[in-house]
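Remarks on the structure that follows.
Computed from the coordinates by the stated procedures, all read-outs in this text should not be read as laboratory data. Owing to the predicted nature of the structure, the values given are computational and were not obtained by experimental measurement. Because the Cβ atoms are built from the backbone with ideal geometry, glycine has one as well, and the counts that use them run over all protein chains shown.
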Ligand code: SF4
């Protein structure tokens, strides 16, 4: 008879399987946090510029920097022709201006070079998605996330864009393994769902990651997918369930696949206006 302890150890090291499917996660998280806005966004070259400005900074900072950049130069062609120092000054309110100014100038000039002197990238929408992604990724500083954002939000293609929130929630729910890196996560997640689910997945998980499944202290007691989450905090869930049972006029979830009711209030009703999706909430006034 094999040693019992060794078997137990092997089992405990296995990757935990998700107890919630991707489609259930989309449905439950959209019910909880949605509906999500799906506004038309910037054209691809402006989106690309905005994406560079949004790297490693807040939405507020990147929107401010984009606004001042466009106010200063008017067009991206003018930005491409400008001195790096002037670009840096224009985007100084957005953070990391010293890094982003030369990057923006280089990328815009490379597009002009590759695209017969034009910054119109709408031709990418006519290409197979993998080719369009490869075209974007040849540009300096454009990784899978930035390419995914441009393809998805600007061109309406079903490209996955995995930011830090989506990556974290996907790992906790077991949709990607613990050793998968961010680049690989794009491939795995994109292949794990039908194209029409890619944007709803992005919107649902990024919102959940910001509001509930936070990096430091996830609010598992308020999480609608806790029933199937291998990383859930049982104590938090039990505490929340106890609090709910003490509260009058609270209904429990009946639409969960396992029929259980972790401790959270069910929302009384959806808000009238759609929830803006982070990074897609660039206001229309920013559009040139
Ligand atoms: S149960 Fe906790 S760790 Fe799991 S998805 Fe919900 S908030 Fe995140």
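Brief remarks on what is shown
- The ranking of 145, 214 from fewest to most other beta carbons within 10 Å of each one's beta carbon is 214, 145.
- Residues 64, 41, ranked from the fewest to the most other C-beta atoms within 10 Å, line up as 64, 41.
- Residue exposure sequence - 170, 226, 152 - by fewest surrounding Cβ within 10 Å: 152, 170, 226
- Length released on extending from residue 59 to residue 106, taking residue separation times 0.36 nm less the Cα-Cα span: 14.6 nm
- Protection proxy ranking, peptides 200-211, 20-31, average beta carbon neighbours within 10 Å, highest first: 200-211, 20-31
- Projected-area average for region 44-159 over all orientations - Cα convex hull basis, square nanometres: 6.3
- Whole-Å distance, taken between Cα centres, linking region 107-150 and region 25-69: 18
- In nm, spacing of pseudo-spin labels at residue 197 and residue 179 (7 Å Cα→C-beta vector): 2.6
- The length gained by stretching the chain between residue 216 and residue 127 to full extension, at 0.36 nm per residue less their Cα-Cα distance, is 28.0 nm.
- For residue 81 and residue 116, the FRET efficiency from 1/(1 + (r/R0)^6), where r spans their Cβ atoms and R0 equals 25 Å, is about 0.90.
- Estimated FRET transfer efficiency when R0 is 51 angstrom, pair residue 99-residue 246 (beta carbons, to 0.05): 0.45
- Given R0 = 30 Å, the distance between the Cβ atoms of residue 238 and residue 31 translates into a calculated FRET efficiency of 0.80.
- Take every Cα pair under 8 Å whose residues are at least 6 apart in sequence, average their separation, divide by the length of region 20-167, and the relative contact order is 23 percent.
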